[in-house]
Amino acid sequence: MTPALRAIDVKKSFSGIVALDNVTIEVAEGERVGLIGPNGAGKTTFFNCLLGVLRMDGGKVELAGEDVSRLPVHRRARLGIGRTFQRIELFPDSTVREHLLIAERTRRGDGRLWKDLVGLGRPKADEIARCDEVLELLGLADLADEPIERLSLGKGRLVEVGRALMTEPKVLLLDEPSSGLDRAETAALAQTLGEVQSQQGFAILLVEHDVEFVSTFTTRAYVLDFGRLIVEGPTREVMASDEVRTAYLGDLEVAE
Ligand SMILES: Nc1ncnc2c1ncn2[C@@H]1O[C@H](COP(=O)(O)OP(=O)(O)OP(=O)(O)O)[C@@H](O)[C@H]1O
Ligand SMILES: [Mg+2]
């Protein structure tokens, strides 16, 4: 079956420093895959190459078999690749629903985004209904009218996920969703994400420093180190591999 996402020999350097050295990965439809590795390994850079935020120096990215290597960010998004950010990127004064509404309008691409920015675009009933559907899915319905600044970081992360889900991704890239969350919040996030993913069936590529999260959430994992893939396979085996245990797990735990 054609994979949901395939990246072949992705290369990226920053002023002569190699950040990604021929990285090749594959994510099947509906699969949950981990991407781990120490700080500076190139994980976020890889995401940005997949999304088209960064221009690759070489290699190829395919979404459902289609070569998107030369497409801009919004065209790739329309073809079904979504993301959440490593650092939370939300507007403190805007409400939870407003965040999803902007995402919905971007998806529809009806050219009225500028009106939203100056507060003129009044949401239509069907737009609100779609936002509320996603909020319901994520257990955020009660918080729809709350400004983001009143939410815990854990709920804020879920809003980010909700915003990504508005674009109906076939592949969702999650960049350290547990960052800044405590154990209970991380467990709650993993639980909700798992439920929504099983229900909707999109694929997930998860970058995480939280070992438990990666171990329980993903079935397969890749390990990136200094821009190169060093181990890949079933998550259980990857986590237990000598290479990862000695070289990375210490680092990963400290980095939490
Ligand atoms: N825009 C940039 N300009 C120059 N160098 C960059 C840029 N972005 C990333 N790098 C470098 O590329 C390497 C990979 O960084 P990247 O942020 O992708 O790592 P990461 O695996 O996401 O790390 P972390 O776990 O800390 O988030 C690092 O050496 C970083 O300094
Ligand atoms: Mg990163």
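A few remarks follow.
- Using the rule -39500 (n - 2.57) for each DSSP H run of four or more residues, divided by the residues of the chain, the 222 nm mean residue ellipticity is -11000 deg cm²/dmol.
- Exposure proxy ranking, count of Cβ atoms within 10 Å, fewest first, for Asp242, Asp175: Asp242, Asp175
- Surrounding net charge for Gln197, when Lys and Arg each add one and Asp and Glu each subtract one, Cβ distance under 13 Å: -1
- The alpha-carbon atoms of segment 144-256, seen along their principal axes, cover 49, 29, 23 angstrom, with the largest extent given first.
- Cβ-based net charge around Arg130, under 12 Å, with every Lys or Arg adding one and every Asp or Glu removing one: -2
- Entries in Lys11/Lys170; Lys60/Lys124; Lys11/Lys155; Lys12/Lys170 that, when Cα-Cα distance is taken, lie over 32 Å: Lys60/Lys124; Lys11/Lys155
- Diffusion coefficient, µm² s⁻¹, Stokes-Einstein with Kirkwood Rh over alpha-carbon pairs of segment 196-238 at 20 °C and 1.002 mPa s: 188 µm²/s
- Estimated D of the chain in µm² per second, where Rh is the Kirkwood radius over Cα pairs and Stokes-Einstein applies at 25 °C, 0.890 mPa s: 130 µm²/s
- Considering every alpha-carbon pair of segment 1-133, the percent of pairs per 10 Å bin, from zero through the bin containing the longest distance, is 10, 34, 30, 21, 5, 0.
Every number here is computed from the coordinates shown, using simple stated rules; none is lab data. All of these numbers come straight from a predicted model, not from anything done at the bench. FYI the Cβ positions are ideal-geometry reconstructions off the backbone, even for glycines, and counts take in every protein chain you see.
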